[in-house]
1. Restricting to the range 9-32, name every residue that is among the aliphatic types (A, V, I, L, M) and more than 15 Å from the chain's Cα centre (by Cα).
2. Enumerate the strands (runs of 3 or more DSSP E) found wholly within the range 1-86, keeping only those where 3 or more residues are surrounded by 12 or more Cβ atoms within 10 Å (Cβ to Cβ) and either of a type in the set (S, T, N, Q) or at pLDDT 90 or above (or both).
Amino acid sequence: MAREMLRLGQVADELNVSKSTARRLVQRGELLGCKVGYQIRVAREDLDAYILQQREQAMQAAECPVAPAHCTHRANGEPCCFCEPSIGQQAAGLVPRQRDVA
């Protein structure tokens, strides 16, 4: 069975982004793609997987009680800003320092 390969313009339309943004996603390795001659093609399955991954990350980030835009807990398994606050956040008074918590 042949895989459906999408042109970069089709990918951009589905993601509602510009062609240059779609190209950057492929170049960064965030979205799997391949070159066919001078054109970049993306398999339908890879685009669907990327969209699903983005949805899951957005849903998980919404669960972060402090700052979802800066939370890395759900994306790579490391503690998020709420679970393990940075020194910068402590200095700014955004989270209590360990010695302040009794």
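1. Passing the criteria: 11, 12.
2. 5-7, 39-43
The values are calculated or read from the model by the stated rules, or taken from the named source; none is laboratory data. Since this is a predicted model, take the numbers as computed values, not measurements. Don't worry about glycine lacking a Cβ; one is built from the backbone with ideal geometry, like all the others, and counts go over all protein chains shown.
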